[in-house]
Each structure stands twice: as structure tokens, then as C-alpha cells.
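J.: Please find one structure pasted underneath; my questions will follow.
The values are calculated or read from the model by the stated rules, or taken from the named source; none is laboratory data. Quantities reported herein were computed from a predicted structural model and do not represent experimental measurements. Every residue, glycine as well, gets a Cβ built from its backbone with ideal geometry; the counts of neighbours run over all protein chains shown. With ligands, DNA and RNA removed, areas are computed over all heavy atoms of the protein, side chains included. Shrake-Rupley method; radii C 1.70, N 1.55, O 1.52, S 1.80 Å.
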Amino acid sequence: MLLYHYPGSPNAIKVKTVLHHVGLPFEEKIIDLPGGESFSPEFKKINPNCTIPVLVDGDLTLNQSNAIMVYLAEKARSSLWPSDPKMRAQALQWLDWSNCEWGPGVATVEFQRLAPHFIQGFVTDEKVVEGALAKVARFAPVLDEHLSKNQYILGDEPTLPDLAIAALMFYWETAQVPLQQYSHILSWYGRIQEMASWKKALPAMAASA
Ligand SMILES: N[C@@H](CCC(=O)N[C@@H](CS)C(=O)NCC(=O)O)C(=O)O
């Protein structure tokens, strides 16, 4: 299997955590996102969306990090992806929540505030930040309340939604996303950070910090 990614990309951290967790061997190809390589004609053939991560497994070429995570967990028959229909439906619910509610809030603030450091000429759009902060204020209490009653998103063990949600807040402190008051989110995030597979998935500097 070959994973196209960029170190430190939240969507790649999700997928790499699953790969390490389930122990499937894989090779990596770094795509130079800041250098615009994802828009090269060669990469467009692999993913016309020009985004990473992309997983190639034999004749399967898959983009969208959540789909890749599900594929890997199913392939490895991992409990990261529950088999019970109701649990699985809830896992899907939270995966959708991560991309539709959490990401547009937290990850948008992170990107807007940090992109000037790695994309030449990028200027933070304060109106976009304002809209994203409103989403954080709306959805963080939902997650915090849920985690006040659950160790992990689906109960006692981590599953794919935990990784999807946690990866999207990877830069929350650096980008000063206001999450300090959500103690249940922060305790849960601390538990995710303790996972050996999570640590292994991080870019070298963050992993050794
Ligand atoms: N929904 C996609 C989003 C992928 C995505 O936006 N990846 C970022 C890196 S975290 C990327 O490739 N950005 C480059 C761009 O959008 O031009 C997924 O979950 O894989």
C-alpha cells in the first residue's frame, strides 16, 4: 500500500494513526503541498481533487481521509470500526459531524491563522475566522457534553471518529482556538495523544516535543 500525504496534515494524521494502530505495512510518498505539487498533472491523475491523503492499494485508489480510515480498519478487521449496526451508524454520524460541523469550525480557524506561515502570500481572512469561531462556539459544547459521559466517542474504546475529530484539532493551541473551557474535550484529547499509534503518526518535531 502506498500513502500519498504531507507530514503534519491533519487528514493524513488520521490515516497514519489507523495504519500504525492496525499494523498494516505501507509506503509513503510525500506530496509538497506548500510547493503546489498536489496541482501537478501527475498528481491530478491520482486525485483530481488535488488533495492529500490518497491511498493506493493494488487497483484501488482512494481519496477522502474518512473513507480511507474505514477501508483500512475494515481490511484489518479492527475494532476501530465497529461491526454492530447501531454502533457503526453512530460512528458514521460522528465521522460526518467531524467533517461537516467540527472541521469547518476548528480546522478553518487553524488553517486561516497558520497558513500565512507556510503559504507564501496567504493573508488571514478575519471574516472567515469570525464565521468559523461561531461554529466552534456552537459545536464544541456538543462534543464536550458528549465526552462528559463517555471516555471516547463511542464509549470505552477509541474508534475512527475519535481519530477524525482529534486530528482536526491538532493545531488548536498553536492557532489559539478557544477550547480551554471545554475540560471534557481536553481530557479526551489527552487520552488520544497517549495512543502509541497517534504518536507514531505525528510529524517528527511534534512527536519528539
Ligand atoms: N475531505 C478531504 C480533505 C483533504 C484536504 O483538504 N487535505 C488538505 C491537507 S490536510 C489538502 O490537501 N489541502 C490542499 C488543498 O486543498 O489545496 C479529506 O478528508 O481527505
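J.: Which of the residues that make up segment 81-96 are open to solvent by less than 30 Å² (accessible area, probe 1.4 Å) and assigned to a helix (DSSP H, G or I)?
T.: Ala91, Trp94, Leu95
J.: For the subset of segment 1-31 comprising residues that are part of a loop (DSSP other than H, G, I, E, B) and over 17 Å from Leu72 (Cβ atoms), which member is farthest from the ligand (Cβ to nearest atom)?
T.: The extreme case among them is Pro7.
J.: Still on this structure: Could you tell me whether any residue of segment 100-116 is open to solvent by 60 Å² or more (accessible area, probe 1.4 Å), farther than 23 Å from Leu160 by Cβ and more than 12 Å from the ligand (Cβ to nearest atom)?
T.: Looking through segment 100-116, at least one residue is open to solvent by 60 Å² or more (accessible area, probe 1.4 Å), farther than 23 Å from Leu160 by Cβ and more than 12 Å from the ligand (Cβ to nearest atom).
J.: While we're looking at this one, here's another question. Taking the options Thr51, Thr17, name whichever one is of a type in the set (Ser, Thr, Tyr) and either open to solvent by 10 Å² or more (accessible area, probe 1.4 Å) or assigned by TED's automatic domain parsing to the domain that holds Gly103 (or both).
T.: None of the others qualify; the one that does is Thr51.
J.: Additional query: For residues that are part of a helix (DSSP H, G or I) and near the ligand (Cβ under 9 Å from one of its atoms), scanning just segment 32-48, find the one that is surrounded by the most Cβ atoms within 10 Å (Cβ to Cβ).
T.: Within segment 32-48, the match that is surrounded by the most Cβ atoms within 10 Å (Cβ to Cβ) is Ser38.
J.: Further, regarding this structure: Which residues, counting only those in segment 57-91, are β-branched (Val, Ile, Thr) and closer than 19 Å to Gly23 by Cβ?
T.: Scanning segment 57-91 gives Ile68, Val70.
J.: For Val15, state whether it is within 15 Å of the chain's Cα centre (by Cα) and aliphatic (A, V, I, L, M).
T.: yes
J.: Being among the hydrophobic types (A, V, I, L, M, F, W, C) and in a helix (DSSP H, G or I): is that true of Leu186 here?
T.: Judged against the criteria, Leu186 is a match.
J.: Please pick out the residue among Leu147, Leu143 that is within 22 Å of Leu92 (Cβ to Cβ), open to solvent by less than 20 Å² (accessible area, probe 1.4 Å) and under 17 Å from the mean Cα position of the chain (by Cα).
T.: The match here is Leu143.
J.: For segment 54-70, which residues satisfy the criterion of being under 15 Å from the mean Cα position of the chain (by Cα) and open to solvent by 50 Å² or more (accessible area, probe 1.4 Å)?
T.: Within segment 54-70, Gln64 is the sole residue that qualifies.
J.: Is there a residue in segment 161-175 that is surrounded by fewer than 19 Cβ atoms within 10 Å (Cβ to Cβ), under 21 Å from Val70 (Cβ atoms) and out of contact with any helix residue (DSSP H, G or I) (no Cβ under 7 Å at 6 or more places or on another chain)?
T.: No, segment 161-175 contains no residue that is surrounded by fewer than 19 Cβ atoms within 10 Å (Cβ to Cβ), under 21 Å from Val70 (Cβ atoms) and out of contact with any helix residue (DSSP H, G or I) (no Cβ under 7 Å at 6 or more places or on another chain).
J.: Would you mind telling me which numbered condition in (1) touching a residue at least 24 places away in the same chain (Cβ under 8 Å); (2) in a helix (DSSP H, G or I); (3) among the small types (Gly, Ala, Ser); (4) more than 12 Å from the ligand (Cβ to nearest atom) Ser78 fails?
T.: The single condition Ser78 does not satisfy is (2).
J.: Scan segment 106-151 residue by residue and report those that are part of a loop (DSSP other than H, G, I, E, B) and modelled with pLDDT under 95.
T.: Within segment 106-151, Ile119, Gln120, Gly121, Phe122 meet the criteria.
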